[in-house]
Each structure stands twice: as C-alpha cells, then as structure tokens.
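First up is the structure itself, then whatever we jot down about it.
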Amino acid sequence: MSELTTPYWAFVDAGFEVQLASIAGGRPPVDPRSMAGPRGRGPSVDRFEAAPGAMARFNDTPVLQPESGDGFDAVFLAGGHGTMWDFRGNATLRTVVERAFRRGAVVAAVCHGPAGLLDATDERGQPILRGRRATGFTNAEEDAVELTAAMPYLLEDEMRRLGARFEAAANFAPFTVQDGNLITGQNPASAAPIGDLIVAALRSRPGASG
C-alpha cells in the first residue's frame, strides 16, 4: 500500500493532479501485510486512510482504458506481488505504457511494478527496457522473502532478458534509477525516493504546473 500512498502524497504535495486507475476497477487488491503495524503501513498509509477524498477514489478506481494515460505528464505503476500476474500480459496496460513512453511522458514503476513494463515496446518495436538502466525487486530480495517458488517468473531475470541494464543496491535498501523518461525503484523502501525523483523530473519540464 505504501508503494502507492507514499508517491501519491509526493505528487499531491508538489501540486500535481493525480488520477488513480486499476486493471479491474473498484478497490484494487492490497497485500494485507502492507496494512499491518507501523512497519508495514508507514505514515503515508495513515494519512491516506485519514483523507476521505483519497480513500473514496481508491475504493472506486476507474477501469484502466487504453487512453487512460493520455494527457498526463507521467504514468506510475505501484508494485505488490500481484502485479507479476495482473500487469504482465495485460494489453490495455501495455498500450497505456507504450503511448506514454513514446510521447516522452515520464514512465515510472517501483518494486514489482516494472512487471508492467515488460511487454511495452518503443517506436522501433524494441522493448522499452532494452539498453536502458533500470531496477526492480531483485532475485535476492525474492529469495529473502521466501517467495521465489511462488512467482510465475523472476522480475530481475525478465528485465535482464529483455536487455535492461539492471542495477540494484543491497536487499531492501532504497534505490532508484532514472534513464531518460524511464524511472524505476527497487523495492518498497524506494517508494519515497521514486516519488521525489518523479516530481523533480516533472518540475524540470517546460510548463510544469507543480
């Protein structure tokens, strides 16, 4: 949950408009561990739940459409293990990411969120990850949480297979990478720095309103 709420508040506090959307619409599924106790929740989750408008939008997200990212300066994919199934292979999400990336909007993802980047291609039909610096939840981190066997694939392996110049820090340490308009974060601890990095990237653009 904090992978959504921490960047959300970074965007809102910087003055940017934020639109939530999800694959199926309604209330997106949330890992219950991310809602349990101070370590799992974090202050951004508490703030989000205390904000009636934010929770109302989260509980009734629109279904993602191919044009959902059009007109926005950035598309951000929060993580969670469920994205390994829900994001990859979803034609609508692929279209949203491709359209945003190809027009030069910021495309960002944290933790397992880069699963939503795996299918996307650039104008030449090449994976958007090919030759670009990027990060995501690592094989070592998956081993550490004892979920390697439960995964349909390993995110680090797939990003490398597609030609990403994969980089990583120590397990569960905050780490982000920016390569042009592509911004990625390694793990849940990277939610705060990736939010700040996206805000900085947006503010550096002509006509930025935040």
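The values are calculated or read from the model by the stated rules, or taken from the named source; none is laboratory data. From a predicted model like this one, the values you see are computed outputs, not experimental measurements. Reconstructed Cβ throughout: ideal geometry from the backbone, glycine too, with neighbour counts over all protein chains shown. Keep in mind that these areas ignore ligands, DNA and RNA; they rest on the heavy atoms of the full protein, side chains included. Shrake-Rupley method; radii C 1.70, N 1.55, O 1.52, S 1.80 Å.
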Tell me, please, whether a residue that is surrounded by fewer than 21 Cβ atoms within 10 Å (Cβ to Cβ), under 24 Å from Arg27 (Cβ atoms), more than 15 Å from the chain's Cα centre (by Cα) and not polar (S, T, N, Q) can be found in region 152-163. yes
Going through region 155-167 one residue at a time, which ones are among the charged types (D, E, K, R) and either assigned to a loop (DSSP other than H, G, I, E, B) or touching a Pro at 6+ places or on another chain (Cβ under 7 Å) (or both)? Glu167
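Given the residues Ala109, Ala105, Ala100, which is the only one that is under 22 Å from Ala200 (Cα atoms), open to solvent by less than 20 Å² (accessible area, probe 1.4 Å) and free of Cβ contacts under 8 Å to residues at least 40 places away in the same chain? Break it down into steps so the answer makes sense when it comes.
On the way: Ala109 fails: free of Cβ contacts under 8 Å to residues at least 40 places away in the same chain; Ala105 fails: free of Cβ contacts under 8 Å to residues at least 40 places away in the same chain.
Just a single option satisfies the conditions, and that option is Ala100.
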Within the group Thr92, Thr83, which residue is open to solvent by 20 Å² or more (accessible area, probe 1.4 Å) and among the β-branched types (Val, Ile, Thr)? Thr92
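Which is assigned to a loop (DSSP other than H, G, I, E, B), under 27 Å from Leu20 (Cβ atoms) and in contact with a Pro (Cβ under 8 Å, 6 or more places away or on another chain), of Pro193, Pro174? Don't jump to the end; show me each part of the working.
On the way: Pro193 fails: assigned to a loop (DSSP other than H, G, I, E, B).
That would be Pro174, the only listed residue that is assigned to a loop (DSSP other than H, G, I, E, B), under 27 Å from Leu20 (Cβ atoms) and in contact with a Pro (Cβ under 8 Å, 6 or more places away or on another chain).
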Identify, please: which residue in region 68-80 is in contact (Cβ under 8 Å) with a residue 40 or more places away in the chain and assigned to a loop (DSSP other than H, G, I, E, B) and is, among those, most open to solvent (accessible area, probe 1.4 Å)? Asp73
Residues of region 118-154 being in contact with a helix residue (DSSP H, G or I) (Cβ under 6 Å, 6 or more places away or on another chain) and part of a helix (DSSP H, G or I), which ones? Asn139, Glu142, Thr148
